[in-house]
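Asks: Before anything else, here's the structure in question.
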Amino acid sequence: MQKKLIKNLFSVTLIFMIFSSCKEKQKLSPDFINLQVAETSLPKETAELHYTNATGEIIVVFAYDYNDPAFTVPMIAEIEKVYGTAENGGLVLPLIFPDDFNGIISRLYDYAVKENIRGIIILGAPDYTYSAIIKIKSFWEDNEPFNIFSFFPKDSVTAQEATCDLILEYNYSSQEELDGIVTDLNKVIWEDAKTILLKAIKYMYNLPGKLPINSDLYYHIQNIAGKGNVHPFVVDSVLNSCNHYVFTKEN
């Protein structure tokens, strides 16, 4: 009971910190990257040999809507070709949910508490992913030395905002809805997800430290997903998160 209360209090504290930091721009430390919008290019088609796990691995989790072999097999093959996978000394540790987690997303903790983690990218975060991230943050005493990106999550939005550095959701354009394309979610977003993921891995690899939780995040997500393609997530609420964005597919 006491542990549950502590965990709940920790979640509320995280949410308060996120929203508070959005209201007042933080002063960046020397470790924070300072940039203008300059969209990240796609990596070369052939393997770039300087990508290794010598300075840490980037965990990529393929979860809901992105754990189908029709997506994961060619996607991981592409990652292997460009960045290399951890088992072969490369940069990326690809994990598929639920197979690599014994069906429980909390197992993410076991992968993320190693000293050689450079970052975590989650596609289609399942329910209670935030709980696993809270546990990871607790291990690092809320000072984890890496960034956590969550793209197109199925987890609680508020909880994702409170625990991840960047959240990107997918928004269908009105033309897509008129064309009826939305009847097959995978066909609509897999190609976009592939491009965003490849860029995000490269971007995360080049980051010198933790991203600032303030309005500068807008520049970072534009560099990953493309200027004009992403917009801040807006709700009718006093509390608007500065780390939550929406991707709209270009017509």
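The values are calculated or read from the model by the stated rules, or taken from the named source; none is laboratory data. Fair warning: this is a prediction, and the values are worked out from it, not measured in the lab. Quick reminder, even Gly has a Cβ in these numbers, built from the backbone with ideal geometry, and neighbours come from all protein chains shown. Areas reflect the complete protein model, heavy atoms only, side chains present, ligands, DNA and RNA absent. Shrake-Rupley method; radii C 1.70, N 1.55, O 1.52, S 1.80 Å.
Asks: About its Cα centre, how strong a charge dipole does region 107-150 have in debye, to the nearest 20, once Lys and Arg get +1 and Asp and Glu get -1 at the Cβ? Please list the in-between numbers first.
Replies: Details: 5 positive and 6 negative charges, 24 e Å.
Magnitude of the dipole: close to 120 debye.
Asks: Between Y219 and W140, with labels modelled 7 Å along Cα→Cβ, what's the label distance in nm to one decimal, could you check?
Replies: Computed distance between label sites Y219 and W140 equals 2.2 nm.
Asks: Expressed in nm², what is the orientationally averaged projection area of the convex hull enclosing the Cα positions of region 52-160? Don't jump to the answer; show the numbers that get you there.
Replies: Details: hull surface 25.5 nm².
Average of the hull's projected areas for region 52-160 equals 6.4 nm².
Asks: Fully extended, how many nm does the chain gain between K154 and S106 (0.36 nm per residue separation, minus their Cα-Cα distance)? Could you put the intermediate results ahead of the total?
Replies: Working: separation 48, 0.36 × 48 = 17.28 nm, distance 1.51 nm.
Between K154 and S106, full extension yields an extra 15.8 nm.
Asks: Then there's this: At a 10 angstrom cut-off on C-beta neighbours, averaged per residue, how do the peptides 109-116, 190-197 rank from highest to lowest? Could the numbers behind the result be given before it?
Replies: On the way: 109-116: 13.5, 190-197: 19.0.
Highest to lowest by the protection proxy: 190-197, 109-116.
Asks: List the pairs from K114/K227; K114/K202; K135/K202; K114/K210; K135/K227 whose alpha-carbon separation is above 28 Å, in the order I gave them. Walk me through the numbers on the way to the answer.
Replies: Details: K114/K227 34 Å; K114/K202 21 Å; K135/K202 26 Å; K114/K210 17 Å; K135/K227 34 Å.
Over 28 Å apart, Cα to Cα: K114/K227; K135/K227.
Asks: Same structure, new question: What distance in nm separates the two pseudo spin-label positions at D99 and N206, each 7 Å out from Cα along the beta-carbon direction?
Replies: Between D99 and N206, the simple spin-label model gives 3.2 nm.
Asks: Moving to a separate point now. For I133, tell me the accessible area in Å² from a 1.4 Å probe, rounded to the nearest 10.
Replies: Counting only protein heavy atoms, I133 exposes about 0 Å² to solvent.
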